[in-house]
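Working notes, beginning with the structure itself.
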Amino acid sequence: MKTLMAVVRNEYFPAAAVLAFVVLFWTAGLFGGLSLLSTSQPPIATLFWLLFVYAVAVLSPLAGLLAAVDLVRRWWRNRRAARIGTGAARHDQ
């Protein structure tokens, strides 16, 4: 439980979770995500499903891009902070 809480509290977790969801969504889409259309469904159910998939298909690349940018930004910020901290420690000696 302690490990799970450490992962959830990690600063990278929200962006990594969004990016994982986007990758999972597109992977499921590649392996038969439109199977609902091959079965007989009421037209309104098909319409709502298509609107949902369309909205997710349009918004998920944007969410994935923003998550990837956030992950890279945090990584660079932490790397720069570690480098500055190390440089300051060397300078004091």
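The values are calculated or read from the model by the stated rules, or taken from the named source; none is laboratory data. Quick caveat: nothing in here was measured; it's all calculated off a predicted structure. As a convention, Cβ positions derive from the backbone with ideal geometry for all residues, glycine included, and neighbour counts pool all protein chains shown. In case anyone asks, the SASA skips ligands and DNA or RNA and just uses the protein heavy atoms, side chains included. Shrake-Rupley method; radii C 1.70, N 1.55, O 1.52, S 1.80 Å.
Just to verify a result, which residue in region 57-77, among those that are free of Cβ contacts under 8 Å to residues at least 60 places away in the same chain and not hydrophobic (A, V, I, L, M, F, W, C), is most open to solvent (accessible area, probe 1.4 Å)?
The extreme case among them is Arg73.
Give the residues of region 13-58 that are in contact with a helix residue (DSSP H, G or I) (Cβ under 6 Å, 6 or more places away or on another chain) and not in a helix (DSSP H, G or I), sorted by residue number.
Matches in region 13-58: none.
Among the residues of region 1-56 satisfying the criterion of being in contact (Cβ under 8 Å) with a residue 12 or more places away in the chain and in contact with a Phe, Trp or Tyr (Cβ under 7 Å, 6 or more places away or on another chain), which is most open to solvent (accessible area, probe 1.4 Å)?
Looking at residues that are in contact (Cβ under 8 Å) with a residue 12 or more places away in the chain and in contact with a Phe, Trp or Tyr (Cβ under 7 Å, 6 or more places away or on another chain), I get Leu36.
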